[in-house]
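To keep things clear, I will list the structure first and then write my remarks on it.
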Amino acid sequence: MTGPSMLPTFAIEGEIVIEDVITYRLFPDSIKRGDLVVAKSPVEPDTTIVCKRVIGLPGDIVCVDPTGEYAPTSEYIKVPEGHIWISGDNASFSRDSRTYGPVPKGLIIGRVLARVWPLRSFTIFRNPTTTIE
Amino acid sequence: MFSLLTSIRRTWLYRKTWPYIYWLPTVYLIADFFQLKTINGRSMQPTLNPDSSRWKDTVLFSKYAIRVTHDYRRDDIVLLRSPEDPNHLLIKRIVALEGDTVQTLPPYPIREVVIPKGHVWVEGDEHFVSDDSNHFGPVSRGLIESKLLAIIWPPERFGPADEVTRRDKKGMENEERRRKFRRSRVNISEVDQLSQPQPPN
(Lines give C-alpha, C1' and ligand atoms only; values in the text may rest on other atoms or scores of the structure.)
Protein backbone atom coordinates (compact mmCIF):
# COMPACT_ATOMS: atom_id res chain seq x y z
CA MET A 1 0.00 0.00 0.00
CA THR A 2 1.26 3.47 -0.79
CA GLY A 3 0.00 6.98 -0.16
CA PRO A 4 -0.64 9.19 2.85
CA SER A 5 -4.44 9.12 2.72
CA MET A 6 -5.00 6.40 5.33
CA LEU A 7 -2.58 7.62 8.04
CA PRO A 8 -2.51 6.65 10.91
CA THR A 9 -4.21 3.32 10.07
CA PHE A 10 -1.75 2.53 7.30
CA ALA A 11 1.79 3.84 6.89
CA ILE A 12 2.72 5.75 3.74
CA GLU A 13 4.48 2.79 2.20
CA GLY A 14 5.93 -0.66 2.80
CA GLU A 15 2.89 -2.44 4.15
CA ILE A 16 1.20 -5.55 2.82
CA VAL A 17 -2.43 -6.32 3.61
CA ILE A 18 -4.80 -9.20 2.93
CA GLU A 19 -8.01 -8.38 1.13
CA ASP A 20 -11.25 -10.30 1.47
CA VAL A 21 -12.85 -10.34 -1.98
CA ILE A 22 -15.15 -13.36 -1.66
CA THR A 23 -17.44 -12.11 1.12
CA TYR A 24 -18.32 -8.94 -0.74
CA ARG A 25 -19.01 -10.83 -3.97
CA LEU A 26 -21.29 -13.31 -2.27
CA PHE A 27 -22.98 -10.91 0.14
CA PRO A 28 -22.88 -7.34 -1.25
CA ASP A 29 -24.87 -6.11 1.74
CA SER A 30 -22.15 -7.19 4.16
CA ILE A 31 -20.48 -3.77 3.90
CA LYS A 32 -20.92 -1.79 7.12
CA ARG A 33 -20.12 1.75 8.19
CA GLY A 34 -16.54 1.85 9.47
CA ASP A 35 -15.25 -0.97 7.25
CA LEU A 36 -12.05 -0.49 5.31
CA VAL A 37 -12.85 -1.10 1.66
CA VAL A 38 -10.74 -1.41 -1.45
CA ALA A 39 -12.31 0.07 -4.58
CA LYS A 40 -11.44 1.25 -8.04
CA SER A 41 -10.94 5.00 -8.00
CA PRO A 42 -13.95 6.60 -9.73
CA VAL A 43 -11.71 9.21 -11.36
CA GLU A 44 -8.89 6.93 -12.53
CA PRO A 45 -10.57 3.52 -12.75
CA ASP A 46 -8.05 1.99 -15.14
CA THR A 47 -4.93 2.59 -13.13
CA THR A 48 -5.75 3.31 -9.51
CA ILE A 49 -7.17 1.28 -6.66
CA VAL A 50 -7.98 3.15 -3.47
CA CYS A 51 -8.42 2.03 0.13
CA LYS A 52 -10.84 4.08 2.21
CA ARG A 53 -13.20 3.85 5.16
CA VAL A 54 -16.97 3.57 4.63
CA ILE A 55 -18.78 6.51 6.16
CA GLY A 56 -22.26 6.27 4.72
CA LEU A 57 -24.45 3.54 3.23
CA PRO A 58 -27.33 4.07 0.75
CA GLY A 59 -29.99 6.28 2.27
CA ASP A 60 -27.73 7.83 4.94
CA ILE A 61 -27.46 11.57 5.28
CA VAL A 62 -23.83 12.71 5.37
CA CYS A 63 -22.08 16.05 5.62
CA VAL A 64 -20.22 16.61 2.34
CA ASP A 65 -17.16 18.22 3.85
CA PRO A 66 -16.95 18.95 7.58
CA THR A 67 -13.46 20.45 7.16
CA GLY A 68 -14.50 22.77 4.34
CA GLU A 69 -11.16 22.23 2.59
CA TYR A 70 -12.09 20.21 -0.48
CA ALA A 71 -15.71 20.72 -1.39
CA PRO A 72 -16.87 24.34 -1.26
CA THR A 73 -19.96 23.51 0.77
CA SER A 74 -20.61 21.87 4.11
CA GLU A 75 -24.15 20.88 3.22
CA TYR A 76 -25.75 17.56 4.06
CA ILE A 77 -26.72 15.18 1.27
CA LYS A 78 -28.44 11.81 1.09
CA VAL A 79 -26.29 8.96 -0.26
CA PRO A 80 -28.18 7.67 -3.33
CA GLU A 81 -29.34 4.09 -3.84
CA GLY A 82 -26.51 1.70 -4.75
CA HIS A 83 -23.76 4.09 -3.64
CA ILE A 84 -21.57 4.46 -0.55
CA TRP A 85 -19.77 7.43 0.97
CA ILE A 86 -16.07 6.78 1.56
CA SER A 87 -13.38 8.83 3.20
CA GLY A 88 -9.68 8.54 4.02
CA ASP A 89 -8.59 8.52 7.65
CA ASN A 90 -6.16 11.36 6.99
CA ALA A 91 -8.70 14.00 6.05
CA SER A 92 -6.20 16.67 5.02
CA PHE A 93 -4.31 14.40 2.59
CA SER A 94 -7.02 12.34 1.01
CA ARG A 95 -9.00 12.52 -2.18
CA ASP A 96 -12.28 10.81 -1.41
CA SER A 97 -16.05 11.25 -1.58
CA ARG A 98 -15.60 14.91 -0.62
CA THR A 99 -14.10 15.55 -4.05
CA TYR A 100 -15.81 12.95 -6.24
CA GLY A 101 -19.07 12.40 -4.39
CA PRO A 102 -20.75 9.09 -3.55
CA VAL A 103 -19.09 6.02 -5.08
CA PRO A 104 -21.17 3.36 -6.87
CA LYS A 105 -21.08 -0.03 -5.15
CA GLY A 106 -20.05 -1.63 -8.45
CA LEU A 107 -16.56 -0.18 -8.00
CA ILE A 108 -15.94 -1.92 -4.66
CA ILE A 109 -13.47 -4.79 -4.91
CA GLY A 110 -13.36 -6.04 -1.33
CA ARG A 111 -12.66 -5.38 2.31
CA VAL A 112 -9.27 -5.12 4.02
CA LEU A 113 -8.89 -8.07 6.38
CA ALA A 114 -5.45 -7.88 7.99
CA ARG A 115 -2.04 -6.32 7.76
CA VAL A 116 0.61 -9.01 7.40
CA TRP A 117 3.77 -6.96 6.79
CA PRO A 118 5.71 -5.64 8.66
CA LEU A 119 5.27 -8.59 10.99
CA ARG A 120 5.58 -6.67 14.26
CA SER A 121 2.57 -4.50 13.42
CA PHE A 122 0.39 -7.44 12.39
CA THR A 123 -3.26 -6.43 12.81
CA ILE A 124 -6.63 -7.92 12.02
CA PHE A 125 -8.91 -5.02 11.18
CA ARG A 126 -12.17 -5.08 13.07
CA ASN A 127 -14.95 -2.61 12.61
CA PRO A 128 -14.31 0.14 15.18
CA THR A 129 -17.74 1.74 15.11
CA THR A 130 -20.34 1.48 17.84
CA THR A 131 -23.95 2.29 17.17
CA ILE A 132 -25.75 4.67 19.49
CA GLU A 133 -29.47 4.16 19.41
CA MET B 1 12.87 -40.09 -9.31
CA PHE B 2 13.39 -39.81 -13.03
CA SER B 3 12.17 -43.34 -13.64
CA LEU B 4 9.07 -42.62 -11.61
CA LEU B 5 8.27 -39.64 -13.84
CA THR B 6 8.73 -41.64 -17.01
CA SER B 7 6.57 -44.44 -15.69
CA ILE B 8 3.84 -41.90 -14.87
CA ARG B 9 4.15 -40.54 -18.38
CA ARG B 10 3.55 -43.97 -19.81
CA THR B 11 0.29 -44.54 -17.95
CA TRP B 12 -2.98 -44.46 -19.84
CA LEU B 13 -4.53 -41.82 -17.56
CA TYR B 14 -1.64 -39.42 -18.07
CA ARG B 15 -1.66 -39.74 -21.85
CA LYS B 16 -5.40 -39.19 -21.99
CA THR B 17 -5.66 -36.23 -19.61
CA TRP B 18 -2.44 -34.31 -20.11
CA PRO B 19 -3.54 -32.43 -23.28
CA TYR B 20 -6.62 -31.18 -21.47
CA ILE B 21 -4.66 -30.05 -18.42
CA TYR B 22 -2.10 -28.41 -20.67
CA TRP B 23 -4.70 -26.30 -22.51
CA LEU B 24 -6.82 -25.51 -19.45
CA PRO B 25 -5.23 -22.12 -18.59
CA THR B 26 -5.54 -20.92 -22.18
CA VAL B 27 -9.18 -21.95 -22.39
CA TYR B 28 -9.87 -20.32 -19.03
CA LEU B 29 -8.31 -17.03 -20.12
CA ILE B 30 -10.21 -16.95 -23.40
CA ALA B 31 -13.45 -17.83 -21.66
CA ASP B 32 -12.87 -15.03 -19.18
CA PHE B 33 -11.93 -12.42 -21.77
CA PHE B 34 -14.64 -13.21 -24.31
CA GLN B 35 -18.18 -13.91 -23.18
CA LEU B 36 -21.42 -14.81 -24.91
CA LYS B 37 -24.50 -13.21 -23.42
CA THR B 38 -28.17 -13.00 -24.36
CA ILE B 39 -29.65 -9.52 -24.31
CA ASN B 40 -32.86 -8.92 -22.39
CA GLY B 41 -34.90 -5.79 -22.67
CA ARG B 42 -35.53 -3.01 -25.12
CA SER B 43 -33.11 -0.26 -24.21
CA MET B 44 -30.77 -0.80 -27.19
CA GLN B 45 -33.55 -1.13 -29.78
CA PRO B 46 -33.35 -1.09 -32.76
CA THR B 47 -29.65 -1.99 -32.75
CA LEU B 48 -30.19 -5.00 -30.50
CA ASN B 49 -33.40 -7.01 -30.00
CA PRO B 50 -35.39 -5.25 -32.75
CA ASP B 51 -39.12 -5.96 -32.82
CA SER B 52 -38.74 -7.55 -36.27
CA SER B 53 -36.55 -10.34 -34.90
CA ARG B 54 -38.14 -13.46 -33.42
CA TRP B 55 -35.10 -14.26 -31.29
CA LYS B 56 -33.38 -12.48 -28.48
CA ASP B 57 -29.94 -11.44 -29.64
CA THR B 58 -26.97 -13.37 -28.35
CA VAL B 59 -23.82 -11.29 -28.56
CA LEU B 60 -20.09 -11.63 -28.00
CA PHE B 61 -18.51 -9.32 -25.43
CA SER B 62 -14.82 -8.63 -25.03
CA LYS B 63 -13.52 -7.99 -21.52
CA TYR B 64 -10.02 -7.82 -22.96
CA ALA B 65 -10.64 -4.47 -24.68
CA ILE B 66 -11.76 -2.92 -21.39
CA ARG B 67 -9.56 -4.56 -18.76
CA VAL B 68 -6.28 -4.86 -20.61
CA THR B 69 -6.16 -2.25 -23.34
CA HIS B 70 -8.61 0.28 -21.76
CA ASP B 71 -10.01 1.03 -25.18
CA TYR B 72 -13.03 3.31 -24.71
CA ARG B 73 -14.43 5.19 -27.70
CA ARG B 74 -17.54 7.19 -28.42
CA ASP B 75 -20.28 5.06 -30.08
CA ASP B 76 -19.00 1.82 -28.50
CA ILE B 77 -21.69 -0.44 -27.06
CA VAL B 78 -20.65 -1.52 -23.58
CA LEU B 79 -21.87 -3.70 -20.74
CA LEU B 80 -21.77 -1.91 -17.39
CA ARG B 81 -22.85 -2.41 -13.78
CA SER B 82 -25.77 -0.19 -12.94
CA PRO B 83 -24.67 2.59 -10.57
CA GLU B 84 -28.04 2.31 -8.83
CA ASP B 85 -27.92 -1.44 -8.25
CA PRO B 86 -24.56 -3.27 -8.47
CA ASN B 87 -26.22 -6.64 -9.16
CA HIS B 88 -27.79 -5.33 -12.34
CA LEU B 89 -26.01 -5.19 -15.72
CA LEU B 90 -26.91 -2.59 -18.32
CA ILE B 91 -26.08 -2.43 -22.01
CA LYS B 92 -25.62 1.09 -23.34
CA ARG B 93 -23.73 3.14 -25.90
CA ILE B 94 -20.92 5.51 -24.89
CA VAL B 95 -21.96 8.98 -26.02
CA ALA B 96 -19.21 11.11 -24.49
CA LEU B 97 -15.86 10.59 -22.79
CA GLU B 98 -14.21 12.59 -20.02
CA GLY B 99 -13.89 16.31 -20.66
CA ASP B 100 -16.63 16.39 -23.31
CA THR B 101 -19.64 18.66 -22.96
CA VAL B 102 -23.00 16.93 -23.43
CA GLN B 103 -26.40 18.48 -23.99
CA THR B 104 -28.63 16.33 -21.82
CA LEU B 105 -32.13 15.07 -22.51
CA PRO B 106 -35.27 15.77 -20.46
CA PRO B 107 -35.20 13.77 -17.20
CA TYR B 108 -31.80 15.26 -16.37
CA PRO B 109 -32.06 18.50 -14.34
CA ILE B 110 -29.20 20.45 -16.00
CA ARG B 111 -29.05 21.42 -19.70
CA GLU B 112 -25.32 20.94 -20.27
CA VAL B 113 -22.86 18.71 -18.45
CA VAL B 114 -19.07 18.55 -18.63
CA ILE B 115 -18.13 14.90 -18.10
CA PRO B 116 -15.82 14.64 -15.04
CA LYS B 117 -12.49 12.86 -15.12
CA GLY B 118 -12.69 9.09 -15.32
CA HIS B 119 -16.36 9.15 -16.27
CA VAL B 120 -18.41 8.54 -19.42
CA TRP B 121 -21.90 9.47 -20.56
CA VAL B 122 -23.89 6.40 -21.63
CA GLU B 123 -27.25 6.24 -23.38
CA GLY B 124 -29.51 3.61 -24.84
CA ASP B 125 -30.38 3.95 -28.50
CA GLU B 126 -33.99 4.68 -27.67
CA HIS B 127 -33.50 7.07 -24.78
CA PHE B 128 -37.19 7.33 -23.98
CA VAL B 129 -37.40 3.64 -23.05
CA SER B 130 -33.93 3.51 -21.55
CA ASP B 131 -32.66 4.04 -18.02
CA ASP B 132 -29.39 5.78 -18.84
CA SER B 133 -27.13 8.72 -17.97
CA ASN B 134 -30.08 11.06 -18.45
CA HIS B 135 -31.43 9.50 -15.25
CA PHE B 136 -28.32 8.86 -13.18
CA GLY B 137 -25.74 11.24 -14.67
CA PRO B 138 -22.19 10.45 -15.82
CA VAL B 139 -20.92 7.02 -14.71
CA SER B 140 -17.41 6.02 -13.69
CA ARG B 141 -15.46 4.06 -16.30
CA GLY B 142 -14.71 1.49 -13.61
CA LEU B 143 -18.28 0.24 -13.86
CA ILE B 144 -17.80 -0.78 -17.48
CA GLU B 145 -17.21 -4.51 -17.71
CA SER B 146 -16.92 -5.37 -21.37
CA LYS B 147 -17.47 -4.13 -24.87
CA LEU B 148 -19.72 -5.56 -27.55
CA LEU B 149 -17.91 -7.13 -30.50
CA ALA B 150 -20.55 -8.81 -32.64
CA ILE B 151 -24.00 -10.36 -32.76
CA ILE B 152 -23.74 -14.16 -32.90
CA TRP B 153 -27.38 -15.27 -32.95
CA PRO B 154 -29.84 -15.19 -34.81
CA PRO B 155 -27.85 -16.20 -37.91
CA GLU B 156 -29.46 -13.65 -40.25
CA ARG B 157 -28.23 -10.88 -37.94
CA PHE B 158 -24.69 -12.25 -37.57
CA GLY B 159 -21.96 -9.60 -37.59
CA PRO B 160 -20.78 -6.40 -35.85
CA ALA B 161 -23.83 -4.69 -34.31
CA ASP B 162 -23.66 -1.36 -36.14
CA GLU B 163 -23.07 -3.06 -39.47
CA VAL B 164 -26.10 -5.30 -38.99
CA THR B 165 -28.47 -2.34 -38.52
CA ARG B 166 -27.08 -0.73 -41.67
CA ARG B 167 -27.83 -3.71 -43.92
CA ASP B 168 -31.22 -2.53 -45.14
CA LYS B 169 -31.85 0.99 -46.41
CA LYS B 170 -34.36 2.08 -43.78
CA GLY B 171 -32.21 0.84 -40.94
CA MET B 172 -29.24 2.68 -42.37
CA GLU B 173 -31.14 5.96 -42.63
CA ASN B 174 -32.40 5.60 -39.07
CA GLU B 175 -28.96 4.74 -37.76
CA GLU B 176 -27.46 7.72 -39.61
CA ARG B 177 -30.10 10.01 -38.10
CA ARG B 178 -29.49 8.70 -34.58
CA ARG B 179 -25.74 9.03 -34.97
CA LYS B 180 -26.04 12.61 -36.20
CA PHE B 181 -28.31 13.48 -33.27
CA ARG B 182 -25.86 11.86 -30.83
CA ARG B 183 -22.85 13.66 -32.26
CA SER B 184 -24.61 17.01 -32.46
CA ARG B 185 -25.14 16.97 -28.69
CA VAL B 186 -21.51 16.31 -27.80
CA ASN B 187 -18.77 18.94 -27.78
CA ILE B 188 -15.50 16.98 -27.88
CA SER B 189 -12.75 18.35 -25.65
CA GLU B 190 -9.28 18.94 -27.04
CA VAL B 191 -7.43 18.81 -23.71
CA ASP B 192 -5.57 15.61 -22.99
CA GLN B 193 -6.89 14.81 -19.52
CA LEU B 194 -4.39 12.08 -18.82
CA SER B 195 -1.38 14.40 -18.85
CA GLN B 196 -2.74 16.68 -16.12
CA PRO B 197 -0.88 16.63 -12.76
CA GLN B 198 -2.52 14.41 -10.14
CA PRO B 199 -3.44 15.29 -6.54
CA PRO B 200 -2.78 12.60 -3.88
CA ASN B 201 -5.32 9.85 -3.48
Convex hull of Cα atoms in chain A, direction-averaged projection (nm²): 8.4
Rounded to the nearest 20 debye, dipole of chain A from Cβ charges on Lys, Arg, Asp, Glu: 300
Peptide B:77-84 - average C-beta neighbours from other chains (10 Å radius): 4
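For residue B:2 and residue B:55, what is the calculated FRET efficiency with R₀ set at 35 Å and r taken between the beta-carbons, to the nearest 0.05? Can you show the working numbers first?
Numbers: r = 57 Å, r/R0 = 1.64.
Calculated value: 0.05.
Can you compute the charge dipole magnitude of the protein assembly as shown about its Cα centre, using +1 on each Lys and Arg Cβ and -1 on each Asp and Glu Cβ, nothing else charged? Give it in debye, rounded to the nearest 20. Show your work: numbers first, answer last.
Numbers: 45 positive and 42 negative charges, 266 e Å.
That gives the protein assembly as shown a dipole magnitude of about 1280 debye.
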Diffusion constant of chain B at 20 °C, which comes from Stokes-Einstein with the Kirkwood Cα-pair radius and 1.002 mPa s, µm²/s: 111
Dipole of chain B [Lys/Arg +1, Asp/Glu -1 at C-beta], most positive-end residue of B:53, B:78, B:121: B:53
Crossing angle, helix B:169-184 versus chain B [Cα axis fit, 0-90 degrees, rounded to tens]: 70
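Quick one: with all protein chains in place, what share of the accessible area of the range B:1-96 is carbon or sulfur, to the nearest percent (1.4 Å probe)?
Numbers: 3920 of 6300 Å².
The nonpolar share, carbon plus sulfur, comes to 62 percent.
List the accessible area buried at the contact between A and B, summed over both sides and calculated with a 1.4 Å probe, in Å² to the nearest 100.
On the way: alone 7980 and 12880 Å², together 19250 Å².
Counting protein atoms only, the buried area is about 1600 Å².
Okay, helix-only estimate at 222 nm for chain B: each DSSP H run of n ≥ 4 adds -39500 (n - 2.57), divide by all residues, round to 500 deg cm²/dmol; what do you get?
Details: 6 runs with 60 residues, N = 201.
Taking each H run of at least 4 residues, the total per residue is -9000 deg cm²/dmol.
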Global form of the protein assembly as shown, assessed from the alpha-carbon gyration tensor, a/c cut-off 1.5: oblate
Assigned charges on the beta-carbon of Lys, Arg, Asp, Glu; chain B dipole about Cα centre (debye): 860
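What net charge is computed for the residues neighbouring residue A:41, neighbours being all others with C-beta under 12 Å from the C-beta of residue A:41, Lys and Arg scored +1, Asp and Glu -1? Walk me through the numbers on the way to the answer.
Working: positive: A:40, A:52, A:95, B:117, B:141; negative: A:44, A:46, A:96.
Result for the neighbourhood of residue A:41: +2.
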Top positive-direction residue, dipole computed over chain B with Cβ charges, set B:165, B:102, B:150: B:150
Residue-span extension gain [residue A:126 to residue A:20] - 0.36 nm each, minus C-alpha spacing: 36.9 nm
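In peptide A:40-53, what is the residue-averaged number of other protein chain Cβ atoms found within 10 Å of each Cβ? Working shown, then result.
On the way: counts 5, 5, 11, 12, 9, 9, 10, 4, 4, 2, 1, 1, 1, 0.
Average neighbour count from other chains, rounded to a whole number: 5.
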Positive-end extreme of charge dipole, the protein assembly as shown - chosen from B:14, A:130, A:110 (charges on Cβ): B:14
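Cross-link list A:32/A:78; A:78/B:37; A:105/B:63; B:147/B:180: which exceed 26 angstrom alpha carbon to alpha carbon?
Details: A:32/A:78 17 Å; A:78/B:37 35 Å; A:105/B:63 20 Å; B:147/B:180 22 Å.
Where the Cα-Cα span goes over 26 Å, the pairs concerned are A:78/B:37.
Around residue A:27, what is the net charge, scoring Lys/Arg as +1 and Asp/Glu as -1 over all other residues with Cβ under 13 Å from its Cβ?
Details: positive: A:25, A:32, A:105, A:111; negative: A:20, A:29, A:35.
Neighbourhood net charge equals +1.
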Average beta carbon contacts from partner chains per residue of A:103-110, 10 Å cutoff: 6
Ordering of A:124-130, A:86-92, B:47-53 by packing [mean C-beta count within 10 Å, highest first]: A:86-92, B:47-53, A:124-130
Residue list for the range A:43-77, given a label point 7 angstrom along the Cα-to-Cβ vector of residue A:2 and an amide N cut-off under 19 Å: A:43-52
Per residue accessible area in Å² of the range A:35-133, where ligands, DNA and RNA are left out and the probe is 1.4 Å: 50
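The values are calculated or read from the model by the stated rules, or taken from the named source; none is laboratory data. This structure is a prediction, so every number in the text was calculated from the model and none was measured. Don't worry about glycine lacking a Cβ; one is built from the backbone with ideal geometry, like all the others, and counts go over all protein chains shown. Heads up: the accessible areas ignore ligands, DNA and RNA and are worked out on the full protein's heavy atoms, side chains in. Shrake-Rupley method; radii C 1.70, N 1.55, O 1.52, S 1.80 Å.
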